[in-house]
Amino acid sequence: MINPKEHLIGDIYDLPQGTFVIVRGKIVQLDDVQSVLTSYGAQTEVRNRIVSDETASIPFALWRQLASSPLSVNDNVKIYNAVVSKTTNGEPKLSGNQKTTIEFLAPDAIPVTKGSSSYEEQGEVVGFSDISVYKSCSRQPCHEKKLVQNKCPKCLTNYDDESNKLSMSCSIGLLQEENITTVTIFTPQIRQLIEDLHLEEKNNSILEERMLNILPIKVGFTRSPRKDSNTLSLLKKL
């Protein structure tokens, strides 16, 4: 029997995968509904969003019937029976399931002390390094997991050279005032910085030149609440 406890979003980052939780938060980002192929080969709908409270922000994937829920940015909600899982870069996220329900709360019910925007800090991207382009799983639940010997280590799907997709990671130098910190970003965040991103596995000289030519880039971002993490929860070009 599932008896989930209510958590602040910042506390979810320390919970193991598969934990059922109750959480309150404000919707600060809401994507369009997408039709995707699951790891079981079934077609279904998913809608991604970002939920924030006074402690942190976290992605939340709305699957199947939840994808069509009448939600809007700035709605305050209480989510019951969400499951803790991981994004492609190992960051915690929440996923809906058949037991998940959503309750709408009053407009002033959620104190987001870091501001209603999901992007808590601003800075400039002043450099790129450690650029890596790799084969990845194309199934939505795997979030572009890197293939190992043409096989997804999460869903165990085997790929040939034509059916896989290419993804990317790199390090960026973030300048704030006089300090530069190095963080790692992945394909969805890189696409926020580079329009019409085209990836090639063997020859990245054109991509590297293009990345250098657009520097510096003013960005808004949110750091991962995880301890000892050098990744970002959110990143957007300003």
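Counting only other residues whose beta carbon sits under 12 Å from that of residue 106, what net charge do I get with K and R as +1, D and E as -1?
Around residue 106, the charge tally is 0.
Tell me which aspartates and glutamates have Cα within less than 16 Å of residue 165's Cα, excluding those fewer than 8 residues away on the same chain?
144, 196, 200, 201
Rounded to whole Hz and in sequence order, give me ³J(HN,Hα) for the stretch 105-110 from the Karplus expression 6.51 cos²θ - 1.76 cosθ + 1.60, θ = phi - 60°, writing x for Gly and Pro.
10, 5, x, 9, 7, 10
Below 12 angstrom from the Cβ of residue 8, what's the summed charge of the other residues (Lys, Arg +1; Asp, Glu -1)? Write down the numbers at each step before the final one.
On the way: positive: 5, 24; negative: 6, 11, 14, 53, 54.
Overall, the nearby charge balance is -3.
Toward the positive end of the charge dipole of the stretch 121-237, about the Cα centre and with charges on Cβ (Lys, Arg +1; Asp, Glu -1), which of 134, 179, 149 goes farthest?
The residue sitting farthest along the positive end of the dipole is 149.
Testing the spin-label approximation: label points 7 Å from Cα along Cα→Cβ at residue 158 and residue 72. State their distance in nm.
The two pseudo-label positions are separated by 5.1 nm.
Determine the alpha carbon to alpha carbon distance for each of 78/135; 99/151; 93/135 and list only those over 28 Å.
78/135; 99/151
Which percent, nearest 5, of DSSP beta bridges in the stretch 121-237 are antiparallel?
Bridges in the stretch 121-237 that DSSP calls antiparallel: roughly 95 percent.
Rounded, prolate or oblate: which fits the stretch 5-104 when a ≥ b ≥ c are the square roots of the eigenvalues of the alpha-carbon gyration tensor, with rounded for a/c under 1.5 and prolate only if a/b beats b/c?
oblate
Sequence gap at least 6, Cα distance under 8 Å: using those rules, report the relative contact order of the stretch 121-237 to the nearest whole percent.
Over the stretch 121-237, the number comes to 30 percent.
Size of the dipole of the stretch 121-237 about the Cα centre, Lys and Arg at +1 and Asp and Glu at -1 on the beta carbon, nothing else charged, in debye to 20?
Details: 16 positive and 16 negative charges, 124 e Å.
The dipole of the stretch 121-237 has a size of about 600 debye.
Each reported figure results from applying straightforward, stated rules to the coordinates on display, with no laboratory input. In this text, all values refer to a predicted model and were calculated from it rather than measured experimentally. Using ideal geometry, Cβ is built from the backbone for each residue, glycine included, and neighbour counts are taken over all protein chains shown.
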